[in-house]
Amino acid sequence: MNKGELIRYAEEQLVATKQFPVFKAGDTVTIKYKITEGNKERIQAFQGIVLQISGKGANKTFTVRKISNNIGVERIFPVSSPFVEAVEVNKRGVVRRSRIFYLRQLRGKKARIKEKKY
Amino acid sequence: MSGLIGKKIGMTSFHDASGKIIPCTVIEAGPCVVTQVKTKQTDGYDAIQLAYDDKKEKRTSKAMQGHFKKAGTGPKRILREFSRFEEGHQKSLGDKVDVDVFLEGEFIDVVGTSKGKGFQGVVKRHGFKGVNDATHGQHNRGRAPGSIGASSYPSRVFKGMRMAGHDGSQRVKMINLQIVKIMSDKNLILIKGSVPGPNGSYVILERWK
């Protein structure tokens, strides 16, 4: 086994694999995020457009952007975090690149992404 | 002291039960072979010599081939001595030592050779502060060492004055690193935090108890 395979093996032992739907940059997703307040637990939803998926294995993360009260909000979610309960794909977007940072410069109607038709 | 010889594989991280990210280093450790047993009667002290990582026989000198043959093993790349190995447990020539010498959750020391940095100035090499002013007469002295001593007395620079020079590639021991997990089927040890040296370099794991 080479070094990469050994690290992947170690990650498999530590990280419980989660079954999330496949999504990519440009898709609109809703993340169910677990929040603990005192000893109460509740689930908060965060809906936005995926800007990028980065890293791999146990260190995989994805960035989600939404416009909240006219202010752009971006959040990075580690895929293997125990707080990320579920991911729902709401819309498949048509984009040409895997990292769509150009969206940050766009506002309003220009910041729309065409929906993928099957 | 009990210990093992291993190879640094690389780093990864995972979330613990509370959601915190724990950075950890993957080390492939052992199985090592006992190639020599030193005793107080014959050598003046108690120790065992461990060998790790196979190499080709044609790359081994005749003298070393004989040494490995005595222990009944093929030639190995790296040999290290461990004094008073697990006192009470008698190891004999040719015995295999693997990750089972350690327990999950216990604290061990890791010795490695740090990454070579080449010729470095005093800021990187000795942690000098440098000059962070743009004014007060500064223009290209930001990372200079400053004065290295007085003038006519003592008329020399004291020995051990910290100056620029070769940095890194040194033996470094990290103490009290916690073992996160042991995977004995692949001879892997996961250690919380970082370990000196580049990926693929040899490290020595020690437990002093």
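The values are calculated or read from the model by the stated rules, or taken from the named source; none is laboratory data. Just so you know, these numbers come straight off a predicted model, no measurement behind them. Here the Cβ is made from the backbone with ideal geometry for all residues, glycine too, and neighbour counts use every protein chain on show.
Things worth noting here:
- Hits in the range B:1-13 - residues which are assigned to a loop (DSSP other than H, G, I, E, B) and within 12 Å of chain A (Cβ to nearest Cβ): none
- Extreme residue, nearest to the other protein chains (Cβ to nearest Cβ), among residues of the range A:1-49 that are in a strand (DSSP E or B) and over 21 Å from the mean Cα position of the chain (by Cα): A:E41
- Verdict on B:S114 being surrounded by 12 or more Cβ atoms within 10 Å (Cβ to Cβ) and among the hydroxyl-bearing types (S, T, Y): yes
- Considering residues of the range B:14-36 that are in a strand (DSSP E or B) and surrounded by fewer than 19 Cβ atoms within 10 Å (Cβ to Cβ) only, the residue nearest to the other protein chains (Cβ to nearest Cβ): B:I21
- Test: residue in the range A:61-84 that is within 14 Å of chain B (Cβ to nearest Cβ) and among the acidic types (D, E): no
- Pairs where the first residue, in the range B:60-76, is touching a residue at least 40 places away in the same chain (Cβ under 8 Å) and the second is in a loop (DSSP other than H, G, I, E, B) and of a type in the set (K, R), C-beta under 9 Å, 6+ apart: B:K76/B:K55
- Cross-chain or 6+ apart pairs with Cβ under 6 Å, the range B:163-176 first and touching a residue at least 60 places away in the same chain (Cβ under 8 Å), then part of a strand (DSSP E or B) and among the charged types (D, E, K, R): B:K173/B:D109; B:I175/B:D109
- A:G55 satisfies every condition listed in (1) under 30 Å from B:K186 (Cβ atoms); (2) surrounded by 15 or more Cβ atoms within 10 Å (Cβ to Cβ); (3) within 14 Å of chain B (Cβ to nearest Cβ) except (2).
- Lone qualifier among B:Q138, B:Q170 - being away from every other protein chain (no Cβ under 14 Å), within 30 Å of the chain's Cα centre (by Cα) and polar (S, T, N, Q): B:Q170
- Here B:L188 meets the list (1) among the hydrophobic types (A, V, I, L, M, F, W, C); (2) more than 15 Å from the chain's Cα centre (by Cα); (3) farther than 22 Å from B:R77 by Cβ almost entirely, failing just condition (3).
- Where strands (runs of 3 or more DSSP E) sit wholly within the range B:119-209, those with at least 2 residues that are surrounded by fewer than 16 Cβ atoms within 10 Å (Cβ to Cβ) and modelled with pLDDT of 90 or more occupy B:165-167, B:171-183.
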